[in-house]
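The values are calculated or read from the model by the stated rules, or taken from the named source; none is laboratory data. Quantities reported herein were computed from a predicted structural model and do not represent experimental measurements. Using ideal geometry, Cβ is built from the backbone for each residue, glycine included, and neighbour counts are taken over all protein chains shown. The accessibility values were calculated without ligands, DNA or RNA, using every heavy atom of the protein model including side chains. Shrake-Rupley method; radii C 1.70, N 1.55, O 1.52, S 1.80 Å.
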Amino acid sequence: MMTTMAAEVRASDLFVESLENEGVEFVFGLPGEENLDVLDSLRKSKKIKLVVCKHEQAAGFMAATIGRVTGKIGVCLSTLGPGATNFTTCAAYSQLGGYPMMMITGQKPIRASKQGSFQIVDIVQMMTPLCKFTKQVSEGELLLSLVRRSTKIAETEKPGPVHLEIPEDIAGESVPYHPPFPVFPVRRAIAEMKAIDSAVKMIVEARSPLLCIAAGANRARTARALRQFVDALGIPFITTQQGKGVIDERHPLFIGTAAISANDYVHCASDEADLIINCGHDTVEKPPFFMHRDDRTKVLHINFYASEVDEVYFPHCDVVGDIANALWQIKEVIKEPQPHWDFGWFMTVKQFVDKHVADHWQDTRYPFTPQRVIAAIRQAMPEDGVVCLDNGMYKVWFARMYKTYRQNTLLLDNALATMGAGLPSAMAVKLKYPDHKVFGVCGDGGFAMNSQEIATAVEHGIDVTCIVLNDNAYGMIEWKQHTAGFQKWGLGIVNPDFVALAESFGAHGHRVNSSEELEPTLEKVINLKGVHIVEIPVDYTLSTEILGPVLAERVKELVSLKPKIPVAREPVEVPAPMDKEPEPKPEPAPVAVPAPVPVKVEAAPKGSTGPLKYPYYLGNVPVFANEDLEVIDKATGEVHAVCAQADEAVVDKAIAAADRASKQMAAMPSYKRKAVLERAVVEMKERFEELALALCAEAGKPIKDARGEVGRLIDTFTIAAEESVRIYGEYAPLDISSRVEGFSSIVRRFPLGAISMVSPFNFPLNLAAHKIAPALAVGCPFVMKPASRTPIGALIIGDILSKAPELPAGAFSILPCTRASADLFTVDPRFKMLSFTGSPDVGWKMKERAGKKKVTLELGGNAACIIDEVVPDIDAVVKSVIHGAFYQSGQSCISVQRIFVNASIYGRVRDAIVAASQKLRMGDPRDEATFIGPMIDVKEADRVERWVEEAEAAGGKVLCGGVRNGRFYPATVMENAPHQCDVYSNEVFGPVACIESYDDFENVVERVNASRFGLQAGVFTRNVNKAFFAFENIEAGGVVINEVPSVRVDSQPYGGVKDSGLGREGIRYAIEDMTEPRVMVMKNVGKLQ
């Protein structure tokens, strides 16, 4: 038997090919003589970029950061001896933090060395306590298996560093070629069922369980499972420093971050929890809370590995295995919030945290407070922007107050807590994710430790900004020195000129020289190419006071609000366990900035399985102020949800906030306004069915119509996003006579300012959208009052917009309120425009009282449809008429209310309409087959019934329908209704259509016009002359040819004449209403002499 000899290759080539096989994209390092073969092999690689750094420590931090944000190994390279010893801090950083990293070091030849012990240190022995795996490669052929083995070890929970030492002679030797080992995903073990049962029992029996999210939960699949767990069970959560962003911190159940281990606001929640579900916690991270042996609080540990017991952490139960699967199993058993759970105190703590944690963020002193700087960074950073922290006093403030919206968008180290990593980490993130904005944030001390890497960033064209917070001291230790009662000594720093230092490396230097320069400087540099170093002077003096006596007093104040301990309760029934253990699913590698997960506002703490709970939105922020507004399920008559309801004082605050935000909103660049609208569209698509079901419940809208409205909501925001970047002006030469020779002009449109919005009940989403979307597109802050009977759709829009970091504070408020509290929407002069949709009687009275502000009114009508011919056939016409007259129970401003049919086809069309109407299914709006759902309330259904009976008594003939059943009113067709009756002359706003014949087209147009309304009309005809005659003579805002008047295209102008309204909606036309033209007249512009 003959064997084929494998081709010979250099061992270093095989090594680099193995790295490529593992998906390695970067090697960071500082090569030496002993790495020359590896260096040459990297030169030939088409997949790996070599980033030569100025110091091995920086290379190690960069490799660890790649591992941190991707879940795949980052690779760094050094020579032997002093180069390799410089990796030790990075190895500890990777080990404690749990970041997969591979360190490659060189070594003298091991088969024949002529230099004795020169530069030789036992690096393998040195790395042993720091690494999960370390080995010297003694044979070139072993490289394939060692790369696969060490990579697998590095990436397996708990991830960490591995080390391979490749001697010079081994790297350069010839070995037989074999392809790299294939890479297969590792399936994690799942938790044992008895542990799941114990966890379920502990959670169900708890009175006030609290979730704590720690570093180990920062995995893509785990984050999704956590979000589903929180939304399903309504359990509030806190995070550790390294757990920030696992769930969007705008979530209404997020209480705060445990930035310090005890005696902060969040500990007022954790101290009162009788169960803490500690998810992903490792004792290497600074403790988020301290356990005590006499505590009544139990701790449930859920992690990939068992808890390590120490004096302050000794959990009562360990659930060991894949975290995502464990959370899913627990959620599937418990299913829903338990009726005895009480989260009232946690929400009190949350409100206190939201009010006080960012105190002094608007402080104008110079040098700056850290709170002011952090608020400015958050404002400048987009949602997917990444901030990479070094270590210092400011880290505590970032952990406490920097709201993190996505995973791995705030990288801080709460394990080794090393200095020197901030700038290298920011460079690594920018290399991996070049489309994301990245800030490194360093103290002056930490920046000095690796400032030489500015040159590396310049050399490799890395567009990164590093902020240097300069207090001329090692501020964190100076704070500790002060709090320990020592004399201030030995911790000052004499710093260089940071601007000059940056420029000496070929970067751009900036110094913030006054309080007014901070935000503009950050807004500028974040959009610039190149390497930028921004020096910001800071003063931590106030921090000593705030984190000392002020915090202690505030905590006492918060504790004083605590209710009395509740009396003991009866034992609760624990749900039965699942029948069998589910198969775990392999987890994909985490990504640095995964797509945002929507915040479902109705997942607010329920404490029972009763009505859903919604906040109002005041100055962009959800506020669970009360539960005063009940929203009725229109089909069942039961309370579907309770909403916070604003009083007049809250409305006044909202107007003041909008007024303050006007200048910032007007100054927002169009691409940012577009981004807000586009991201809203993304989340609306993700929450499509949630929005549709909300409409079913609050408006009684059949599910098919509800889905149609959600589709229109998405269309409206999409159109607004497009229009936001094409709000054009005009240039005109003005030399129309000798008087103005040499003059020219530019006309631009400018946003009006704060807008008052009042939306109706019948289209809770899309009619709100037609006000909100153009306001955002043009840069107008707004305050909206949604209809009290259907506020949920607008509140979900508010939830989506509350996540937009581009919007300044006060950009929007959405406030359900009573009419008595809503007078300011009409009369307050701080509003520059009132946009109202509703009844004519209310709308015109509001206009009379609105003062000098612009007013737009969309007030409804009694839309007419002329059927002159059946186009294209009778079935199509009847289908359109039926839908136009009866969809969503006729509760539409442009519902078909008056049908005029050519006498030559009248009998045939009438009979077909009646027959089709009688077949329409009325019932539960959630049923896919339902066409007619309930009316908004019994009172309205009773009114429609009364109007029909009055018209029938006056001589009209009911051809079908006409009998009410509670909230439900069937499709009703009335022939020859007297024109003076309400069912014909007023807006019926119910499922009723009046039908009659006509002989002369010109006469029927006059009949259409014999109405106080004029919103839209429809005309079916093949005769183009009749079509144009109708268009030119019907007194309405819109005429629809060969369709019913119920058609509305969201990009087109929409509004009425006469009593039907004033002004136009439709995005581009609403933008015109929300702006005013301003002319700049210029003389002799462009003339050089």
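Give me the percent of the accessible area of the chain that comes from carbon and sulfur atoms, probe 1.4 Å, all protein chains in place. It would help to have the intermediate numbers written out before the result.
Working: 22600 of 42610 Å².
C and S atoms contribute 53 percent here.
Aspartates and glutamates within cross-link reach of LYS663: Cα-Cα under 16 Å, excluding same-chain residues under 8 positions apart?
Within the straight-line cut-off, LYS663 pairs with GLU516, GLU519, GLU523, GLU806, GLU1076.
Quick query: amide H of MET102 versus all other amide H atoms, modeled in the peptide plane; which residues come in under 5 Å with a sequence gap of 5 or more or a different chain?
For MET102, whose amide H was placed from the backbone, the distant partners under 5 Å are GLY74, VAL75, CYS76, VAL162.
What residues have an amide H closer than 5 Å to that of LYS49, excluding those fewer than 5 places away on the same chain, when H is modeled at 1.01 Å from N in the peptide plane?
PHE26, VAL27
With runs of 4+ DSSP H residues as the only contributors, calculate the mean residue ellipticity of the chain at 222 nm using -39,500 (n - 2.57) per run, divided by the residue total and rounded to the nearest 500. Each step should come with its number before you reach the end.
Numbers: 38 runs with 390 residues, N = 1089.
One gets -10500 deg cm²/dmol as the mean residue ellipticity at 222 nm.
Taking the 0 to 90 degree range and rounding to the nearest ten, how far is the long axis of helix 648-667 tilted relative to the main principal axis of the chain, both from C-alpha atoms?
70 degrees
Please name which of SER174, THR222, HIS163 has its Cα lying farthest along the dipole of segment 152-241 towards the positive end, using unit charges on Cβ (Lys, Arg +1; Asp, Glu -1) and the Cα centre as origin.
THR222
Based on the alpha carbon coordinates of segment 345-493, what radius of gyration and maximum Cα-Cα distance (Dmax) apply, in Å?
In order Rg, Dmax, the Cα atoms of segment 345-493 give 16.3, 54 Å.
Going by average Cβ neighbours within 10 Å, how do the peptides 352-365, 815-828 rank, with the highest at the top? If you can, show how the numbers build up before the last one.
Values: 352-365: 15.8, 815-828: 18.6.
Final packing ranking: 815-828, 352-365.
Can you work out the Karplus-derived ³J(HN,Hα) for every residue in segment 949-957? Use 6.51 cos²θ - 1.76 cosθ + 1.60 with θ = phi - 60°, whole Hz, and x for glycine or proline.
For segment 949-957, the Karplus curve yields 4, 5, 5, 5, 5, 8, x, x, 10 Hz.
To check you understand DSSP bridge types, tell me what percent of the beta bridges within segment 611-684 (both residues inside) are antiparallel, rounded to 5. Before the final figure, lay out each step's value.
Numbers: 7 of 10 bridges.
Antiparallel: roughly 70 percent of the beta bridges in segment 611-684.
Work from the charge dipole of segment 705-861 (Cβ charges, +1 for Lys and Arg, -1 for Asp and Glu, about the Cα centre) and give the residue of VAL758, ALA706, SER745 farthest towards its positive end.
VAL758
What does the charge count near GLU285 come to, summing +1 for each Lys or Arg and -1 for each Asp or Glu among other residues with Cβ under 14 Å from its Cβ?
+1
Just how much of VAL312 is accessible, in Å², when a 1.4 Å probe is used and the result is rounded to the nearest 10?
50 Å²
Over the chain, what relative contact order in percent results from Cα pairs under 8 Å that are six or more residues apart?
Values: 2493 pairs, mean separation 92.6, N = 1089.
Computed value for the chain: 9 percent relative contact order.
May I ask you to order 338-346, 293-301 by the average number of other C-beta atoms within 10 Å around their residues, highest value first?
Values: 338-346: 18.7, 293-301: 15.6.
In decreasing order of mean packing, 338-346, 293-301 become 338-346, 293-301.
Using only Cα atoms, tell me the angle between helix 56-70 and the longest principal axis of the chain; keep it within 0 to 90° and round to the nearest 10.
It is inclined by approximately 40 degrees.
Using modelled backbone amide H atoms (1.01 Å from N, in-plane), which distant-in-sequence or interchain residues come within less than 5 Å of PHE968's amide H?
Under 5 Å from the amide H of PHE968 lie the amide H atoms of MET935, each far enough along the sequence or on another chain.
Tell me the relative contact order for segment 65-148 as a rounded percent, counting alpha carbon contacts under 8 Å between residues six or more apart.
Details: 80 pairs, mean separation 26.3, N = 84.
Reported as a whole number, the value is 31 percent.
Starting at the first residue of segment 397-407, write each ³J(HN,Hα) from the Karplus equation 6.51 cos²θ - 1.76 cosθ + 1.60 with θ = phi - 60°, in whole Hz, x for Gly and Pro.
For segment 397-407, the Karplus curve yields 6, 4, 4, 6, 10, 7, 5, 10, 9, 9, 4 Hz.
So how do ASP122, ASP282 rank on accessible area, 1.4 Å probe, biggest first, that is with the largest at the start? Present the calculation step by step, with values, prior to reporting the outcome.
Numbers: ASP122 95, ASP282 20 Å².
Most to least solvent-accessible, the answer reads ASP122, ASP282.
Give the peptides 370-383, 696-709 in descending order of average Cβ contacts within 10 Å, highest first.
On the way: 370-383: 21.6, 696-709: 24.5.
So the order, starting with the most tightly packed, is 696-709, 370-383.
Per residue, how much accessible area does segment 657-803 show when a 1.4 Å probe rolls over the protein heavy atoms, in square angstrom?
34 Å²
Helix 874-886 versus the longest principal axis of the chain: what is the Cα-based angle in degrees, 0 to 90, to the nearest 10?
80 degrees
DSSP beta bridges in the chain, what fraction antiparallel, as a percent rounded to 5? Working shown, then result.
Values: 35 of 144 bridges.
Restricted to the chain, the bridges split so that about 25 percent are antiparallel.
Pick out, from ALA259, PHE289, ILE196, the residue whose Cα sits farthest towards the positive end of the charge dipole of segment 170-293, with +1 on the Cβ of Lys and Arg and -1 on the Cβ of Asp and Glu.
Of the options given, the answer is ILE196.
Taking the Cα centre as origin and putting +1 on Lys and Arg beta-carbons and -1 on Asp and Glu beta-carbons, what dipole magnitude results for the chain, to the nearest 20 debye? Can you show the working numbers first?
Numbers: 117 positive and 136 negative charges, 209 e Å.
Dipole of the chain, to the nearest 20 debye: 1000 debye.
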